[in-house]
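Participant: Please read through the structure below; I'll follow up with questions.
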Amino acid sequence: MPATLFADLAGAAAACRAPPASIRTQPFLHLVAALLPVLAALGRGLAPARADVAKNLARLEAARTRAGGALDADVRLLASAELAAAGGDADALDGSTAAKGLLWLVRTLAWVRGVVAGIAGTEGDSRPPSLTSVARDAYASTLRPFHGPLTGAAVSAALAFAPGRAAFWRAVAVGEGGGTDGGVTGGGPAAAAEVAAFLAAFDPTLADLQAFLRETGLDDPTPVR
């Protein structure tokens, strides 16, 4: 039986991709939604981040619905369609567009990826770092460059109240009946292996999306307040 929800997330990540290198829209949106419990496991202080993810998911789903499913083949087509409508000017797209929604989803996913990789990668250490330390290190290299002083301070404060490592693993553990079960003790080699399998399936999609945002000029470096 799987030890953590990352076992199912690996399958969800693999389902996003279709040959040769498409990122299927509905499976991708399903994967992001399925990652929300992981974000919740990082602490109640990150409720605003979960709300932002849900909002950006809704923007992409609305754009997919407007397209009548015609752009389901690749989530990047939703952003490309908006960019084409703006005459190729990424600066003309406001924060309510699917393109900007995809941008912030990708940035948040990069941070979540850094956190789970950091905690799983140090699971066997004799003195593993705290979840707060891992989360702050991942934040510094992913989201922090795009946050202004106010947002950065708010996130830093929220991460100070991140749960302990054991609490994180319990929050993402899978019980006998399926789903997460806070009464199950997670962590250990089995959990770390499931995270590694998830990352192996997820990383190509994340890398392709990051490259797409850079190549199209959508990766706006301007920090939000």
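Matching residues to (1) of a type in the set (Ser, Thr, Tyr); (2) modelled with pLDDT under 95; (3) farther than 20 Å from LEU5 by Cα; (4) out of contact with any Phe, Trp or Tyr (no Cβ under 7 Å at 6 or more places or on another chain):
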{"position": "ASP89", "(1), (2), (3), (4)": "no, yes, yes, yes"}
{"position": "LEU103", "(1), (2), (3), (4)": "no, no, yes, yes"}
{"position": "THR132", "(1), (2), (3), (4)": "yes, no, yes, yes"}
{"position": "GLY178", "(1), (2), (3), (4)": "no, yes, no, yes"}
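Participant: List the residue pairs whose Cβ atoms are under 8 Å apart, where the first residue sits in segment 113-142 and is farther than 13 Å from TRP169 by Cβ and part of a helix (DSSP H, G or I), the second is open to solvent by 70 Å² or more (accessible area, probe 1.4 Å) and among the small types (Gly, Ala, Ser), and the two are 6 or more positions apart or on different chains.
Facilitator: Pairs found: GLY114/SER141.
Yes or no, residue by residue, for (1) farther than 23 Å from ALA193 by Cα; (2) polar (S, T, N, Q); (3) over 13 Å from the mean Cα position of the chain (by Cα):
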{"site": "ASP8", "(1), (2), (3)": "no, no, yes"}
{"site": "LEU29", "(1), (2), (3)": "yes, no, no"}
{"site": "ARG44", "(1), (2), (3)": "yes, no, yes"}
{"site": "ALA67", "(1), (2), (3)": "yes, no, yes"}
{"site": "ASP72", "(1), (2), (3)": "yes, no, yes"}
{"site": "SER80", "(1), (2), (3)": "yes, yes, yes"}
{"site": "ALA84", "(1), (2), (3)": "yes, no, yes"}
{"site": "LEU93", "(1), (2), (3)": "yes, no, yes"}
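Participant: So which residues in segment 25-39 are under 16 Å from VAL116 (Cβ atoms) and part of a helix (DSSP H, G or I), if there are any at all?
Facilitator: LEU31, VAL32, ALA34, LEU36, PRO37, VAL38, LEU39
Participant: Kindly establish whether LEU31 is crowded, with 20+ Cβ neighbours inside 10 Å and in contact with a Cys (Cβ under 7 Å, 6 or more places away or on another chain).
Facilitator: For LEU31, the condition - crowded, with 20+ Cβ neighbours inside 10 Å and in contact with a Cys (Cβ under 7 Å, 6 or more places away or on another chain) - is met.
Participant: Do we have any residue at all in segment 189-201 that's modelled with pLDDT under 95, in contact with a Gly (Cβ under 9 Å, 6 or more places away or on another chain) and among the β-branched types (Val, Ile, Thr)?
Facilitator: There is no residue in segment 189-201 that is modelled with pLDDT under 95, in contact with a Gly (Cβ under 9 Å, 6 or more places away or on another chain) and among the β-branched types (Val, Ile, Thr).
Participant: Another question, if that's okay. Criterion first (surrounded by 14 or more Cβ atoms within 10 Å (Cβ to Cβ), in a helix (DSSP H, G or I) and touching a residue at least 60 places away in the same chain (Cβ under 8 Å)) does ALA157 satisfy it?
Facilitator: In short, no.
The values are calculated or read from the model by the stated rules, or taken from the named source; none is laboratory data. On a predicted model such as this, the values are computed, not experimentally measured, just so you know. Don't worry about glycine lacking a Cβ; one is built from the backbone with ideal geometry, like all the others, and counts go over all protein chains shown. Keep in mind that these areas ignore ligands, DNA and RNA; they rest on the heavy atoms of the full protein, side chains included. Shrake-Rupley method; radii C 1.70, N 1.55, O 1.52, S 1.80 Å.
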